[in-house]
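Okay, so here's the structure we're looking at.
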Amino acid sequence: MKNIKVIKTEEEYEQALAKIERLMEIKNPTQAQEDEQELLGLLVENYEDKHYPIGLPDPIEAIKFRMEQEGLTRKDLAKYIGSASKVSEVLNHKLPLSLSMMRALHEGLGIPAEVLLQQPGNELPPCVHTIKKYPFNEMFKQDYFSEFFTGTLNEAKAKAEEILELFFANFTLGEQIFCKKTEHVDFSSNALAAWQCHICNILANNEIPKFNRDALDDKFFNAVARLSFYREGPKLVKELLNTYGIHFIIQKHLPKTYLDGAAFMLSNGSPVVALTLRYDRIDNFWFTLLHELAHLKYHIVDASVGYFDDIDGQTRQSTNEKEQQANHLAEETLIEDKVWQEEKKGLLCGRNIDKVLQFARNHQVAPAVVAGRIHWEKQNFTLYADCLGHVKEQFE
């Protein structure tokens, strides 16, 4: 047996098979011949395992086999696969197994994961994103999955786990600092994460200049605020912010997020300011925009943290120190407090629209900004309502 060695080639494999066959023909083999036959058999088996692996059984046939073993009907299978129609489609090879189906079949019927996956030795991945955690219907409606899925909503629900895995594949969730006046009992941090992830996916390949935080000086903030004086000022914001290396995007909020605006950074270090236009008012647009830019200037250094704001749900006198700082910068940029204190008496008395318009012209801000400031001062949101205007139409 001293010439026996590990089989590495097809020729050596054929020679070993021939030698085994000759040894098997010996009527009264010696112990040495039996040992040689056994050793050659092990070497052949090892070679075959590497070069002629036995394929995994078809997953549908495995399901049918288990049904036969357990005496299960198609109706019994519905709790693992779904409706009766889905069971029929799966068993007729018309509908591929989803991860959620595989998980249920593996756990409920004991079918090996590698058979269901058709991947030798593999286990089912942990279930991180489930359809129940997210406002899936609304995400589908807003085209969150259009880059990698083109089917119907029902088809998307059937593959929800796979779709969500793809959707969140390149997203790392940082700390969510959600700023609000009161607690929302049904607030969903998962919905907020989905909203942020969608924006990150949209902006992932958008190239803009490198961001320089030092450029966010008084001149920058004043340039942003002065855009409010122009009717189409909101449309000009993106171009201005992009020149400073800041992404700007309008993205509708998701249910249970109560969101007006946010500021955070992409994984590559590019900052993002995103508004939802949840309240279609010009004053809300400009205050929220400057509020988020203030967070970017003072509070955000990398992608590990993001600020998400329910502007309408908080007063300008927030108890949070960082919110106070952002509120102050936004207010002071739009209308300097010194100027406001000198001239507000004539604005707060009565309903003189001409005074509002004159103040707006003198200080190069939108009349809606002046009206909004009066609202907060008087806590009367009916004053100068005609000045507030709408902003959504500029982004449609």
Item to check | Filtered residue count, the stretch 175-189, keeping only those that are crowded, with 17+ Cβ neighbours inside 10 Å, at pLDDT 90 or above and either polar (S, T, N, Q) or assigned to a loop (DSSP other than H, G, I, E, B) (or both) | outcome: 1
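Going through the stretch 368-385 one residue at a time, which ones are among the charged types (D, E, K, R) and either buried (at least 21 other Cβ atoms within 10 Å of the Cβ) or outside any helix (DSSP H, G or I) (or both)? Spell out the reasoning first.
Let us first name the residues in the stretch 368-385 that are among the charged types (D, E, K, R), namely 373, 377-378.
Within the stretch 368-385, Arg373 is the sole residue that qualifies.
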Next on the checklist: Just the residues that are at pLDDT 95 or above and buried (at least 24 other Cβ atoms within 10 Å of the Cβ), please, taken from the stretch 275-286.
Outcome noted: Leu275, Phe285, Trp286
Next on the checklist: Consider the stretch 238-253. How many of its residues are open to solvent by 50 Å² or more (accessible area, probe 1.4 Å), without any contact (Cβ under 8 Å) to a residue 40 or more places away in the chain and either within 16 Å of Asn284 (Cα to Cα) or over 25 Å from the mean Cα position of the chain (by Cα) (or both)?
Outcome noted: 3
Checklist entry - Has the stretch 256-270 got any residue that is in a loop (DSSP other than H, G, I, E, B), surrounded by fewer than 24 Cβ atoms within 10 Å (Cβ to Cβ), of a type in the set (Gly, Ala, Ser) and on the phi < 0 side of the Ramachandran plot? => result yes
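Please state which one of Gly82, Gly108 is in contact (Cβ under 8 Å) with a residue 60 or more places away in the chain and within 30 Å of Thr130 (Cα to Cα).
Being in contact (Cβ under 8 Å) with a residue 60 or more places away in the chain and within 30 Å of Thr130 (Cα to Cα) holds for just one of Gly82, Gly108, which is Gly82.
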Checklist entry - Taking Glu331, is it open to solvent by 70 Å² or more (accessible area, probe 1.4 Å), in a helix (DSSP H, G or I) and out of contact with any His (no Cβ under 6 Å at 6 or more places or on another chain)? => result no
Item to check | Test: residue in the stretch 2-11 that is open to solvent by 60 Å² or more (accessible area, probe 1.4 Å), over 30 Å from Glu114 (Cβ atoms), more than 56 Å from the chain's Cα centre (by Cα) and not acidic (Asp, Glu) | outcome: yes
Checklist entry - Looking at the stretch 48-75, which of the residues that are open to solvent by less than 70 Å² (accessible area, probe 1.4 Å) and part of a helix (DSSP H, G or I) is nearest to Glu89 (Cα to Cα)? => result Ile60
Checklist entry - Does at least one position in the stretch 126-147 carry a residue that is more than 28 Å from the chain's Cα centre (by Cα), over 15 Å from Pro59 (Cα atoms) and in a helix (DSSP H, G or I)? => result no
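Please go through the stretch 152-171 and give me each residue that is of a type outside the set (A, V, I, L, M, F, W, C) and more than 9 Å from the chain's Cα centre (by Cα), ordered by number. Don't jump to the end; show me each part of the working.
Initially, the stretch 152-171 is screened for residues of a type outside the set (A, V, I, L, M, F, W, C), giving 152, 154-155, 157, 159, 161-162, 165, 170.
Result: Thr152, Asn154, Glu155, Lys157, Lys159, Glu161, Glu162, Glu165.
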Checklist entry - Taking the stated definitions as given, is Leu347 under 17 Å from Ile311 (Cα atoms), buried (at least 18 other Cβ atoms within 10 Å of the Cβ) and not hydroxyl-bearing (Ser, Thr, Tyr)? => result no
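Tally up the residues in the stretch 17-31 that are part of a helix (DSSP H, G or I), of a type outside the set (D, E, K, R) and modelled with pLDDT of 85 or more, please. Walk me through how you get there before you give the answer.
In the first step, residues of the stretch 17-31 are kept if they are part of a helix (DSSP H, G or I); the result is 17-25, 31.
Filter once more, so that each one left must be of a type outside the set (D, E, K, R): 17-18, 20, 23-24, 31.
Then drop every residue that is not modelled with pLDDT of 85 or more, which leaves 17-18, 20, 24, 31.
Going through the stretch 17-31 one residue at a time, the tally reaches 5.
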Item to check | the stretch 209-237 - residue that is open to solvent by 40 Å² or more (accessible area, probe 1.4 Å), part of a loop (DSSP other than H, G, I, E, B) and under 23 Å from Ala326 (Cβ atoms) and, of those, modelled with the lowest pLDDT | outcome: Asn212
Checklist entry - How many residues are open to solvent by 20 Å² or more (accessible area, probe 1.4 Å), in contact (Cβ under 8 Å) with a residue 12 or more places away in the chain and under 22 Å from Lys252 (Cβ atoms) when one looks only at the stretch 152-167? => result 3
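The values are calculated or read from the model by the stated rules, or taken from the named source; none is laboratory data. Note that the structure is predicted; figures quoted are calculated from it, not measured. With ideal geometry, Cβ positions are generated from the backbone for all residues, glycine too; neighbour counts draw on all protein chains shown. Ligands, DNA and RNA are stripped out before the accessible areas are found, and what is left, the full protein with its side chains, is counted by its heavy atoms. Shrake-Rupley method; radii C 1.70, N 1.55, O 1.52, S 1.80 Å.
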